[in-house]
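Here is the structure we will look at, set down as structure tokens.
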């Protein structure tokens, strides 16, 4: 796991940022209280970017006050210099400082773009848990292919074990986000995106759709629950006790638009369901059904 260490610049800019958003509270800014290594890196990136902006902002405000005082009407520093036209130091300041900031920001963008690649797997001595995620109107469906179970609006997984998410949409574009764990990635019909997350410890975290998708968008939340290994196995056993099965008819009913859909458990689902959801939006080809129509299940 990533070590929770910060440089003096991160500490200073982090303190300033916390003071700025202190009125909101950490409950409304979960990125400031990271629960996983991905959010930790995102928070440090936020602090670093904020600190770089202070390099520009603070001198501007200081110079505004200094110049007003230095060149006030009663000051003796308002010397008239009609022949002054160039200063090496002024020219260097105007060009070198912005250039240094651009280089620093470019380096950060390059570094964190690769470190925070959502498709990049997380190093761990535990194998990742794969979960297939389907965005619907206006709810989230989670399929566990290794366990053969499915849930609606509840994502459970063991803490300290990488979570490998394969994400698509069976409606308009959505955006998947669990702020406390990090990462935001789009869910698009006919396409698959990926996201890797991990929780440092057990806990409950809010997840939601960040892309406006219609009337029920405001209530399209789900709960992500990080558990111990024993609690996760008990949760899987509880889901398997459900009387509901996610067959083709049940899925079509579930896919109908609904708001504030309750958490629902399915003890089984069709193994190729995720692939069929993606395929139904694929362009029609020779022998393929028209786009928007489900393909026949493979034997």
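The values are calculated or read from the model by the stated rules, or taken from the named source; none is laboratory data. All values reported here derive from a predicted model rather than from experimental measurement. Here the Cβ is made from the backbone with ideal geometry for all residues, glycine too, and neighbour counts use every protein chain on show.
Some points to look at:
- Residue count for the range 261-288, restricted to those that are at pLDDT 95 or above and not in a helix (DSSP H, G or I): 9.
- Unmet requirement for residue 159, which otherwise passes all of (1) in contact (Cβ under 8 Å) with a residue 60 or more places away in the chain; (2) crowded, with 21+ Cβ neighbours inside 10 Å; (3) under 17 Å from residue 223 (Cβ atoms): (2)
- Answer residue from the range 179-222, given it is over 15 Å from the mean Cα position of the chain (by Cα) and in a strand (DSSP E or B) and is farthest from residue 31 (Cα to Cα) among those: 189
- Residue among 53, 1 that is closer than 20 Å to residue 97 by Cα and either loosely packed, with under 15 Cβ neighbours inside 10 Å or at pLDDT 75 or above (or both): 53
- Taking the range 268-278 as the range and being buried (at least 17 other Cβ atoms within 10 Å of the Cβ) and either in contact (Cβ under 8 Å) with a residue 60 or more places away in the chain or in contact with a helix residue (DSSP H, G or I) (Cβ under 6 Å, 6 or more places away or on another chain) (or both) as the test, the residues that pass are 269, 273, 274, 277, 278.
- For residue 104: the one exception among (1) without any contact (Cβ under 8 Å) to a residue 60 or more places away in the chain; (2) part of a strand (DSSP E or B); (3) touching a helix residue (DSSP H, G or I) at 6+ places or on another chain (Cβ under 9 Å): (2)
- Among (1) farther than 30 Å from residue 219 by Cβ; (2) outside any helix (DSSP H, G or I); (3) under 20 Å from the mean Cα position of the chain (by Cα), the one test that residue 119 misses: (1)
- Applying the criterion of being touching a strand residue (DSSP E or B) at 6+ places or on another chain (Cβ under 6 Å) and buried (at least 16 other Cβ atoms within 10 Å of the Cβ) to the residues of the range 245-266, the residue that is nearest to residue 136 (Cα to Cα) is 255.
- Residues that are within 19 Å of residue 229 (Cα to Cα) and surrounded by fewer than 18 Cβ atoms within 10 Å (Cβ to Cβ) do occur in the range 129-144, at least one of them.
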